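To start, the structure under review is shown below, and the notes come after it.
The values are calculated or read from the model by the stated rules, or taken from the named source; none is laboratory data. Not measured: the values here are computed from a predicted model. Here the Cβ positions follow ideal geometry from the backbone for every residue, glycine too, while neighbour counts run over all protein chains shown.
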Amino acid sequence: MPAEVLITKPASFSFGHTIRSHGWYDLAPFELDEEQGRLIYVFGGQNGYGPATAELSEDEKSIRIQIHSPDFDVKEIASSVRHILRLDDDFEAFYLKTKASGSLSWVSQRNAGRLLRSPTVFEDAVKTLCTTNCSWSLTKKMVSNLVEKLGERAADGRRAFPTPVAMAAVDEKFYRDEIRAGYRSPYFVELAQAVVGGELDPEQWLTSGLSTPELKKEIKKVKGFGDYAAENLLKLLGRYDGLALDSWLRSRFYEQHNKSRVCPDKKIERHYRSYAEWKGLAIWCDMTEKWFDEKP
DNA sequence: GCGTCCAGGTCTACC
DNA sequence: GGTAGACCTGGACGC
């Protein structure tokens with residue numbers, strides 16, 4: 001029998017909207033069980049414990065965590081679940097703006113807006129790099145390869161996301177040949193080695209006192225992070241000032257708000273200007289509303 | 001099955 | 001600061 005932990009749900013929280021908020025649920029070691037409405041994740045080993053697979057689901061008042069492992073750090077896993085589901089983030093100011101907007105009033109009605117994230121900023125950074133300049137199928141392949149070839153195995157045979165140490169231990173050739181990361185390969189080596197060597201601490205970005213533009217500059221110092229990747233990572237850190245425009249978001253905007261005609265990014269920026277520091281989340285909710293009609 | 005073309009975001013060199 | 005070309009992969013397409 002798996003061990004079970006319950007976490008009380010915040011008042012304005014939607015489990016379904018959070019786990020399907022963006023593509024992360026589709027990237028290993030996340031797995032979405034659509035039929036049962038469960039999110040599965042393999043938490044990395046910590047504090048002397050090995051990796052542990054956990055299934056997250058919900059009932060009326062709680063989030064249920066079922067842990068399939070002979071030994072695990074229950075506090076660490078519960079704390080990571082709070083982090084990945086953003087249970088402690090405050091969206092009241094965003095909901096006030098969306099309520100006033102009319103077109104985005106559904107966001108507060110459905111308690112949407114929480115973007116699923118990984119337990120560590122390092123994992124989110126690596127996955128963001130895997131989304132740059134390629135199709136979603138290639139992103140999935142690169143992330144699966146990383147987990148399969150470098151991740152530590154949990155008791156049930158699934159694997160956790162690789163640690164910075166594991167990623168720093170292999171060379172550029174490995175990333176090219178085994179991960180199929182192509183020209184991104186040296187970026188992974190550089191990122192992992194900088195974290196292991198202590199020159200870079202991505203986890204510190206969560207609590208950084210820097211302004212968002214300053215933090216974006218810091219993130220862009222990491223090879224492979226341009227405007228899109230930096231702004232995407234900032235969203236996962238909880239800073240929504242940037243739109244993180246990629247080709248998909250642009251084409252959805254043209255279709256929805258510009259009669260399918262291409263327009264400059266500045267026009268997109270103007271469209272969401274009233275959301276101020278929330279505009280990155282506003283565009284994401286605006287462009288993905290239909291996802292939740294398709295996936296009730 | 002093979003070859004060609006294209007999309008995708010960032011980097012570097014150059015203006 | 002802006003721009004062009006290179007980077008690399010997988011998918012689509014034509015043969």
Take the residues in the range A:148-181 that are buried (at least 21 other Cβ atoms within 10 Å of the Cβ) and within 16 Å of DNA strand C (Cβ to nearest atom); name whichever of them is farthest from the chain's Cα centre (by Cα).
A:Tyr175
Checking the structure you have, find out if any residue of the range A:92-114 is away from DNA strand C (no atom under 16 Å from the Cβ), modelled with pLDDT of 95 or more, within 16 Å of A:Leu233 (Cβ to Cβ) and touching a helix residue (DSSP H, G or I) at 6+ places or on another chain (Cβ under 7 Å).
no
Would you mind stating whether A:Trp291 is within 30 Å of A:Gly37 (Cβ to Cβ) and away from DNA strand B (no atom under 13 Å from the Cβ)?
yes
Looking at (1) within 21 Å of A:Gly280 (Cα to Cα); (2) within 16 Å of DNA strand C (Cβ to nearest atom), which one does A:Thr139 not meet, given that it meets all the others?
(1)
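Run down A:Thr98, A:Thr128, A:Thr53 and say which single residue is within 27 Å of A:Glu172 (Cα to Cα) and either hydroxyl-bearing (Ser, Thr, Tyr) or exposed (fewer than 15 other Cβ atoms within 10 Å of the Cβ) (or both). Show your work before the answer.
Working: A:Thr98 fails: within 27 Å of A:Glu172 (Cα to Cα); A:Thr53 fails: within 27 Å of A:Glu172 (Cα to Cα).
Checking each option against the conditions leaves just A:Thr128.
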Scanning the range A:1-53 residue by residue, those assigned to a strand (DSSP E or B) and within 20 Å of the chain's Cα centre (by Cα) turn out to be A:Phe30, A:Glu31, A:Leu32, A:Asp33, A:Arg38, A:Leu39, A:Ile40, A:Tyr41, A:Val42, A:Phe43, A:Ala52, A:Thr53
Show the residue pairs meeting these rules: Cβ distance below 7 Å; 6+ apart or different chains; first residue within the range A:141-161 and β-branched (Val, Ile, Thr); second residue assigned to a helix (DSSP H, G or I).
A:Val143/A:Lys127; A:Val143/A:Cys130
The conditions are (1) touching an Asp or Glu at 6+ places or on another chain (Cβ under 9 Å); (2) closer than 26 Å to A:Leu150 by Cβ; (3) part of a helix (DSSP H, G or I), and A:Leu191 fails exactly one of them. Which is it?
(1)
Do any residues in the range A:223-252 that are at positive phi have Cβ atoms under 9 Å from those of residues that are within 6 Å of DNA strand B (Cβ to nearest atom) and not charged (D, E, K, R), where the two are at least six apart or on different chains, and which pairs are they?
A:Gly224/A:Thr132; A:Ala244/A:Tyr228; A:Ala244/A:Ala229
Would you pick out the residues in the range A:182-202 that are more than 19 Å from A:Leu237 (Cβ to Cβ) and loosely packed, with under 15 Cβ neighbours inside 10 Å?
A:Gly182, A:Tyr183, A:Gly197, A:Gly198, A:Glu199
Determine which single condition A:Phe253 fails, assuming it passes every other condition in (1) crowded, with 19+ Cβ neighbours inside 10 Å; (2) more than 18 Å from the chain's Cα centre (by Cα); (3) closer than 30 Å to A:Ala192 by Cα.
(3)
